[in-house]
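Everything below concerns the one structure shown next.
The values are calculated or read from the model by the stated rules, or taken from the named source; none is laboratory data. The shown structure was predicted, so the numbers you read here are calculated from the model rather than taken from an experiment. Glycine gets a Cβ as well: all are built from the backbone with ideal geometry, and neighbour counts include every protein chain shown.
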Amino acid sequence: MNMEATSPPVSGHGPDPSIQQVTVVGCGTMGNGIAQVFATCGYQVELVDLSAPALEKAINTIARNLDRVVAKGSLDQESRDAALARIHTGTSLAAAAQTADLVVEAATENRQIKLELFRQLDQLCPPPCILATNTSSISITDIAGATGRPSKVIGMHFMNPVPVMKLVEIIKGYNTDPGVTATIVEVSRRLGKIPVEANDYPGFVANRILMPMINEAVHTLFEGVAGVAEIDTVMKLGMAHPMGPLQLADFIGLDVCLAILRVLHEGFGQPKYAPCPLLVKMVSSGNLGVKTGKGFYAYQAGSKDLVVAPEFSGSV
Ligand code: 3HC
């Protein structure tokens, strides 16, 4: 696999002149974070989702996150208001797509949904428009095959929380045009991010390495080697990770972790990627982590305390 790390971001250069309007599809955690960073950089953003209440929630989240940045003194009030005013929301994909120069798709991580979305986007967007996907593991080449413009389809994989994390993993599909890759590298730098290029194989780089680590942490718990807090403490204090792997799994969503592991397992056909039975069982039970209030830890709205979930609180 050929990977190329690119140089640090050019800050304060504003939007790429070749891209005026960015359409972000999907307004969940990743979609609203992506909309926020593009709008803060000066792009006009169309944020589109099937659900009007979800869009309202997303705008409130973006407003709150921008307020945090203002409170820290890294953005003034006027720039915050201007960024928010650059984000327009709507439920019509056709309306949001018709004048797009770049689409960043951050919809549900489901192959059939993404293939159908890209088929529609290909019909709706102007011919020069670049179609990027924030998929965490679905093949870019596969998604590109649903369109009549595979050379303009690329992976633009942001990390959660998008406004904070510096990396954008840029994944080149089998037919992605090098000029399109160069544009997306430049756009990412202008967002203040560090772009890293990778080729299109299961899990790309980030999740190919991260998910086996998380899976191994779940096995370590499953086999009774150590408890939840102990496993996370080893990795936080011993390896200087900001979160332990079990807390990170809760943060990402256990269903998302399981889905990515299944892509790795199926894509490489190697038993080392098989999801731990405990992870499978937790997902079946609906304990998906932060978003459902319980995973390896139990979460209380408004509290930042890290409390191990009752089923894991006994000693090993
Ligand atoms: N929006 C804007 N700012 C945010 C934010 C958000 N959603 N969440 C946190 N922040 C800011 C805070 O304002 C704070 O800023 P400051 O230090 O300048 O005051 C800073 O981030 C730290 O936040 P907190 O003090 O609230 O909390 P922590 O110090 O515990 O940091 C964290 C939180 C940044 C999430 C940190 O724990 C971390 O880096 N965790 C690991 C995250 C990670 O690994 N992400 C990648 C996940 S994998 C992925 O996304 C790929 C996918 O395909 C699975």
The condition of being within 27 Å of residue 198 (Cβ to Cβ) and either assigned to a strand (DSSP E or B) or at pLDDT below 95 (or both) holds, among 37, 22, only for 22
Kindly indicate whether any position in the range 77-87 is closer than 21 Å to residue 124 by Cβ and not assigned by TED's automatic domain parsing to the domain that holds residue 252.
-> yes
Is there a residue being under 16 Å from residue 140 (Cβ atoms), more than 19 Å from the chain's Cα centre (by Cα), part of a helix (DSSP H, G or I) and among the basic types (Lys, Arg) anywhere in the range 101-119?
-> yes
Of all the residues that make up the range 40-98, how many are small (Gly, Ala, Ser), in a helix (DSSP H, G or I) and out of contact with any Leu (no Cβ under 7 Å at 6 or more places or on another chain)?
-> 8
Of the residues 155, 192, which is at positive phi, within 16 Å of the ligand (Cβ to nearest atom) and assigned by TED's automatic domain parsing to the domain that holds residue 121?
-> 192
Do any residues in the range 259-274 that are free of Cβ contacts under 8 Å to residues at least 12 places away in the same chain have Cβ atoms under 6 Å from those of residues that are among the aliphatic types (A, V, I, L, M) and part of a loop (DSSP other than H, G, I, E, B), where the two are at least six apart or on different chains, and which pairs are they?
-> 265/274
Restrict the check to the range 227-247 and report whether at least one residue is touching a Cys at 6+ places or on another chain (Cβ under 6 Å) and without any contact (Cβ under 8 Å) to a residue 60 or more places away in the chain.
-> no
Run down 54, 97, 85 and say which single residue is among the hydrophobic types (A, V, I, L, M, F, W, C), touching a residue at least 40 places away in the same chain (Cβ under 8 Å) and either more than 16 Å from the ligand (Cβ to nearest atom) or loosely packed, with under 15 Cβ neighbours inside 10 Å (or both).
-> 97
Does the range 224-245 include one or more residues that are surrounded by fewer than 17 Cβ atoms within 10 Å (Cβ to Cβ) and closer than 30 Å to residue 144 by Cβ?
-> no
Being away from the ligand (no atom under 13 Å from the Cβ) and among the aromatic types (Phe, Trp, Tyr), is that true of even one residue in the range 160-175?
-> yes
Residue 103 is checked against (1) among the β-branched types (Val, Ile, Thr); (2) closer than 19 Å to residue 260 by Cβ; (3) buried (at least 21 other Cβ atoms within 10 Å of the Cβ); (4) touching a helix residue (DSSP H, G or I) at 6+ places or on another chain (Cβ under 8 Å) and fails just one. What number does that condition carry?
-> (2)
